[in-house]
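These notes concern the structure reproduced below.
The values are calculated or read from the model by the stated rules, or taken from the named source; none is laboratory data. Treat the numbers as computed from the prediction; the structure is a model and nothing was measured. Heads up, the Cβs are rebuilt from the backbone with ideal geometry, glycines too, and the neighbour counts pull from every protein chain shown.
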Amino acid sequence: MKRRYAYFPGCSAKGTCRELDTSTNAVAALFDVELQELENPGCTGAREFRAISEQLHLTANARILALAERVASALVVVCDTCLLNLIEVNQRLREDAAARERVNRALKEEGLQYHGKVEVKHFLWVLTEDLGEAALRARIVRPLRGLRVAPFYGCHIQRPASVLQEHSVRDVPALDWLCTVLGAEVVDYPGATRCCGFHVVRTDEKIALRLSGSHLGQAKGNGAQCVVTPCPLCHTVLDAYQPKMASTHAASGDLPILHVSQLAGLAMGLDADALGIPRHVVACEDVLTHVAGARLASSDRP
Amino acid sequence: MTKVLETDVLVIGGGAAGTNAALKAADRGAQVAIVVKGLLGKSGCSIFAAFTPYFTKTDEQARRNRWRFMIRYYNHYLADQEYCARMEDYMCEEFYPDLERLGVYWRRDAQGNLEMINARNRSLVAHKQGATGPILLEKRRREIQRRALPLYEECAVTSLLGDGERVAGATVLDYRTGEFFAIRAKNVVLATGHSDYLATRATGTREQSADGLAMALRAGAELANLEIQWWHVSDVLAPKSWMRYHLYPNPLMGTLETSRLYNSAGEMFYEQKTHSPGASAPYTEQLRRLCLQVQAGKARWDGGYTSGYDHIPGDIIRAYQHQAKVWGKLGLDVARDRIECGITMHMRHGGLNVDTRTMATTVPGLYAAGGLGCHYLGGFGPASYDGKVAGEAAAEDALRRALPRLPQQALEAEAARVFGFLQADAAGPRPMQAKLRVRQIMWDLGYIKNEKNMQAALAALQEVREQSVPRLRLQSASRVWNTGWLDALDTCSMLDACEATVRSGLNRKESRGPFYREDYPYVDNEHWLCRNIVARVDGEWRSRQQKIEVPHLPPEKNREPFFEADY
Amino acid sequence: MHLRVYRFDPSVDREPRYESYEVPYQPRMRIMDALDYVHEVLAVDIGYRWLCGSKKCGSCAVNVNGLPKLACWEPVQERMTIEPLSNLPVIRDLVTSRAPYEAALAKISPTLVRRTEYAGFPEPLKSTDVAPTAHLRECIQCLACQSACPVLRTGDTDFAGPALLVALSELAQDPRDGAERAALASDVANVFKCISCYACEPVCPAEIPIVREAIEPLKRMAYRVGSTPGARRAHAFLDTVKQRGYANAAAVAARSGDFGLGALGVALKMRRRGKLKFSDALGGRATPGLEGLRRTYETSEKEDK
């Protein structure tokens, strides 16, 4: 069954983390999932638009939602911060008729209109919810057996609860679940649900380094061989700034950081280059070596 | 040498009365210091104020209702009626502007009209967590900080110091550090409230151990009508820490409906609009009706009966989100479920005998404001008025006076008493045990009183005083936040206050309001419309009566059976 | 139930220790009931605060199994490690000093500074005028949010923290207030140092949407007056999106005037992996059809002013 989604990669997946876009599309292709990228969508504003103008924040996100409505009934994103912005604005505009009207006035000039008809989801949830365990398992050719993975969720895929609803309170959170299905071993550590500090990394770098340094130190201390994150912003701090943490903070500087789509892609037999893994600042060779040795066992098939 | 600070006016207590006393005394140009046993604006009884009464003089019917409520239902004719008239002026003219100027927002609708609880006695709300008190006190707290009035928090006043003629200051234990110091003052305003934790279940909070009553008693002041002790009936039974959660028996915002009480057979036995339409706080009537249920075996004082709002449409009661949240937190639905209740000792009508024109007590240099007085039950508005009267009178007098001599010997004796408790011994007995025993004695004495059970309570208190207190030993002799040390000091205060209360009860030979003596089961306005006074002078208990004038609203009957009286 | 309680008396103890107590479970029990049991029945002199026992005073918040909780409000758990709130000095055991909070509060002028003279009761004010602060007014200063704030937890910041920002925001959004709240938010409370992690929200017993309703309105005010790096960055971010149709790390950094040498090492590493192009800082591709997007954004921005 073909699944069709509108797709908003966001600025990171089109810029610093282009490998996220590549790997997401590569994994989607395995499942007959069509991700139709929006044209000229603009930006969800990260944490900046909402700190400038509430109306701008609403309109910029409504504009993306309105574009998505033309394409499909669900919009897929690959960034936690984009996810929160879009879900929050969608929720707000569905409830608040006056705000909806203001936004539509602004969109009208471009011939756009927001109706509140799309659901916003993270690509992680497409894997865990829309595709589900059986479909995922059917594609696994190199189970990540024995690979100790530390999930790092990022804030905006779980908080605030008023916006993320059930995603904030799951018994087995999505990323833990996915790691397990892929055959990996989940490393438990307190930093998993904490903040990487991305949104102040350029203005108050030491805070971000301390926070992420401490999370990575814990993950490593608990035996992690790599970290997986659904957010390219977290990825940037955890990966690109990691060498800097190594000199001043708790992290060791050699803990590979993977995107969700990369981890899934590896288990599903995709090539490291095709997944853009060599683009990371922290080398991932050890993970690749571990995965390369993996063979499918009969117990891996349902 | 004990450190001695100096000030014109020392205010003890940080609730509605104490904060206003401090601000008004400072307005008059006096130097002010405030000592609070808890945290100003966060401890004591005032933060429990649910709403504030809205007084107007323009609506004559509303005014008559108000007077009838104040005098008859709220004070059982024991209020000072001239005081009530002055307090009414204050509530009409000053109370709201004073607080609104500081930024308090009383609820309004989208057109800007004040929203009120439109029962027979109207009131306004300015909510924080479902109560009005916290927000009013937060604004006063910040104003006191803005003016940089010296504020000593988490400091227990242990005694009033006198120079033989007048009060000259107080001794203070900063229990955060263990530092003991004295504050020498020209005048002292006591404002320690009317709700103390003296029984197993009480609305009074941890720090409220009746220190104000006890210190005044030890300083020779007269105490009146201590036995007129209110109890809440519809307070949550479990969890125990929620015994202060009150399921309002008076109308809530947005409805004239009120909670109902049901006995163990599910029969409704009380609802305000049916059983006491004239009362805004119908606790005394609830008590009498619960008493009949208890006697019939259909309820206990600690449970076996319930309260709820399930007769009110869910959307109305949910709009009053605070109540709904309490239910929700217990996994209950406010529109469907009822909660088991128990009684909790609440406000005390009586207190220090004061001249209500100045709030001066019978001891020179000592003023009392708010519920600690004996002239009115209390409430955030009246207590604020008292604070103003006391603060202004104390300040004006202080500006004309030199600092009194501080009695060094008494100061050192008090230091010796306080530090005398600081002895550790692994075996105990612990002060907490004595404290719990006192609370148990007062709980056992409970609502239904007679000569015999009051004498028994007196004897039991005496036993704690003589047998336990001298032997109390602490777990550690640390001076830093030593709860055992505080418990020992609290126990002494509680014993004095409880003994005075029981003695006062023995003296009153009638029943009235929340005070029920089954050996005198009638209201007797001929003999007992008075301040029923006790005092302890040189270790001897004295008592006397002081007639209460009823110029504006006299009682209709001289004598009637207690359970038939409508107040 | 098993309680492990943090015990530390700085006047006697060299370091903190934990004491364990067994407490019988009672239906509906709160954390406070368990502490009361230890204090009353076991007669242990643990230092802890409770004043109202009914979620009004905010004095009893403690860390339970690592998360700040209002002891009188939250139910007990089978095993509880109870510790004092983080980010505040310990007086004894579970009691922390509120003095740092009070001192910080004093710096943001926490009283209403009236724009015009008070007009008498009731002053003209509608429920709609104060609607934006409705949730903020429920704050009981329990400081659970300060304890949960990871920025404060680093111990090395001039960020005021969520509780202070709630107090400041309540005044800043009060139509009666005329104080320079934007400058206080920007330069005293350092509102742009909030990392937007929302860790403060799930621990708030008053359920205040702290980020959206307290912090972001302050950021918007601070943005307007702002010369802080956070405000500059927001400005550069928006400019970049308007110019190109998307954000770009190099371009935003360049526009923010963010050329700090400290970040250079990171930038070089990213460049080596093809993650960053220095040429993007000035040049870079613009999305076709940008004109409409820019107009839509600008229309919305104007509507807010």
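For this structure, a couple of remarks:
- Taking segment C:27-81 as the range and being polar (S, T, N, Q) and either surrounded by 24 or more Cβ atoms within 10 Å (Cβ to Cβ) or more than 24 Å from the chain's Cα centre (by Cα) (or both) as the test, the residues that pass are C:Ser54, C:Ser59, C:Gln77, C:Thr81.
- Some residue of segment A:143-165 being within 14 Å of another protein chain (Cβ to nearest Cβ), at positive phi and part of a helix (DSSP H, G or I): yes
- Odd one out for B:Ala500 among (1) at the interface with chain C (Cβ under 10 Å from one of its Cβ atoms); (2) farther than 22 Å from C:His39 by Cβ: (1)
- Among the candidates C:Leu276, C:Leu293, residue that is of a type in the set (A, V, I, L, M), within 7 Å of chain A (Cβ to nearest Cβ) and farther than 27 Å from A:Asp239 by Cβ: C:Leu293
- Flag not set for B:Met215, criterion: within 11 Å of chain C (Cβ to nearest Cβ) and under 23 Å from the mean Cα position of the chain (by Cα).
- Among residues of segment C:120-149, those that are within 14 Å of chain B (Cβ to nearest Cβ) and either assigned to a loop (DSSP other than H, G, I, E, B) or without any contact (Cβ under 8 Å) to a residue 12 or more places away in the chain (or both), counted: 17
- Of the residues B:Ser209, B:Ser195, the single one that is within 24 Å of B:Leu124 (Cβ to Cβ), of a type in the set (Ser, Thr, Tyr) and either within 15 Å of the chain's Cα centre (by Cα) or surrounded by fewer than 23 Cβ atoms within 10 Å (Cβ to Cβ) (or both) is B:Ser195.
- Cβ-Cβ under 7 Å pairs, at least 6 apart or on other chains, segment C:94-119 side more than 10 Å from every other protein chain (Cβ to nearest Cβ) and without any contact (Cβ under 8 Å) to a residue 60 or more places away in the chain, far side of a type in the set (A, V, I, L, M, F, W, C) and outside any helix (DSSP H, G or I): C:Thr96/C:Leu85; C:Thr96/C:Leu88; C:Thr96/C:Val90; C:Pro100/C:Leu88
- Given (1) at pLDDT 95 or above; (2) of a type in the set (A, V, I, L, M); (3) assigned to a loop (DSSP other than H, G, I, E, B); (4) farther than 21 Å from B:His552 by Cβ, number of the condition B:Ile34 does not satisfy: (3)
- B:Trp230, sole failed condition from (1) outside any loop (DSSP other than H, G, I, E, B); (2) of a type outside the set (Gly, Ala, Ser); (3) within 14 Å of chain C (Cβ to nearest Cβ): (3)
- Boolean, A:Asp80 is acidic (Asp, Glu) and buried (at least 24 other Cβ atoms within 10 Å of the Cβ): yes
- Some residue of segment A:193-214 being surrounded by 24 or more Cβ atoms within 10 Å (Cβ to Cβ), at the interface with another protein chain (Cβ under 10 Å from one of its Cβ atoms), closer than 22 Å to C:Cys149 by Cβ and touching a strand residue (DSSP E or B) at 6+ places or on another chain (Cβ under 9 Å): yes
- Taking segment B:298-337 as the range and being at positive phi and without any contact (Cβ under 8 Å) to a residue 24 or more places away in the chain as the test, only B:Gly331 passes.
- Pick from segment B:287-322, criterion of a type in the set (S, T, N, Q) and closer than 21 Å to B:Lys240 by Cα, ranking: surrounded by the most Cβ atoms within 10 Å (Cβ to Cβ): B:Ser307
- C:Ala286 being touching a helix residue (DSSP H, G or I) at 6+ places or on another chain (Cβ under 8 Å), at the interface with another protein chain (Cβ under 9 Å from one of its Cβ atoms) and either surrounded by fewer than 23 Cβ atoms within 10 Å (Cβ to Cβ) or not in a helix (DSSP H, G or I) (or both): no
- Test: residue in segment C:150-170 that is touching an Asp or Glu at 6+ places or on another chain (Cβ under 7 Å), within 14 Å of chain A (Cβ to nearest Cβ), part of a loop (DSSP other than H, G, I, E, B) and among the polar types (S, T, N, Q): no
- Looking only at segment B:438-461, and only at residues there that are buried (at least 17 other Cβ atoms within 10 Å of the Cβ) and among the basic types (Lys, Arg), the one that is farthest from the other protein chains (Cβ to nearest Cβ): B:Lys449
- Residue check, B:Thr171 more than 14 Å from chain C (Cβ to nearest Cβ), buried (at least 23 other Cβ atoms within 10 Å of the Cβ), in a strand (DSSP E or B) and not basic (Lys, Arg): yes
- Count - residues of segment A:76-134 that are on the phi > 0 side of the Ramachandran plot and not in a loop (DSSP other than H, G, I, E, B): 1
- Test: residue in segment B:533-555 that is touching a Lys or Arg at 6+ places or on another chain (Cβ under 6 Å) and under 16 Å from B:Pro431 (Cβ atoms): no
- Only one entry in A:Arg63, A:Arg92, A:Arg3, A:Arg18 is under 16 Å from C:Ser300 (Cβ atoms), surrounded by fewer than 24 Cβ atoms within 10 Å (Cβ to Cβ) and touching a helix residue (DSSP H, G or I) at 6+ places or on another chain (Cβ under 8 Å), namely A:Arg92.
- Scanning segment C:197-252 for residues that are on the phi > 0 side of the Ramachandran plot and either crowded, with 23+ Cβ neighbours inside 10 Å or more than 8 Å from chain A (Cβ to nearest Cβ) (or both) returns C:Tyr198, C:Glu207.
- Pair list, Cβ < 8 Å and 6+ apart or interchain, from segment A:29-57 residues that are within 7 Å of another protein chain (Cβ to nearest Cβ) and surrounded by 19 or more Cβ atoms within 10 Å (Cβ to Cβ) to residues that are part of a loop (DSSP other than H, G, I, E, B) and charged (D, E, K, R): A:Ser53/C:Lys305
- Any hit, segment C:236-250, residues being under 24 Å from the mean Cα position of the chain (by Cα) and assigned to a helix (DSSP H, G or I): yes
- Extreme residue, farthest from B:Leu223 (Cα to Cα), among residues of segment B:350-377 that are in contact with a helix residue (DSSP H, G or I) (Cβ under 6 Å, 6 or more places away or on another chain) and assigned to a strand (DSSP E or B): B:Tyr367
- Members of segment B:133-147 found to be crowded, with 22+ Cβ neighbours inside 10 Å and out of contact with any Leu (no Cβ under 8 Å at 6 or more places or on another chain), listed by number: B:Gly133, B:Pro134, B:Ile135, B:Glu138
Let's see how each residue does on (1) closer than 23 Å to C:Ala131 by Cβ; (2) more than 14 Å from chain C (Cβ to nearest Cβ); (3) at pLDDT below 95:
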position	(1), (2), (3)
B:Asp80	no, yes, no
B:Glu88	no, yes, no
B:Glu100	yes, no, no
B:Gly103	yes, no, no
B:Gly130	yes, no, yes
B:Tyr152	no, no, no
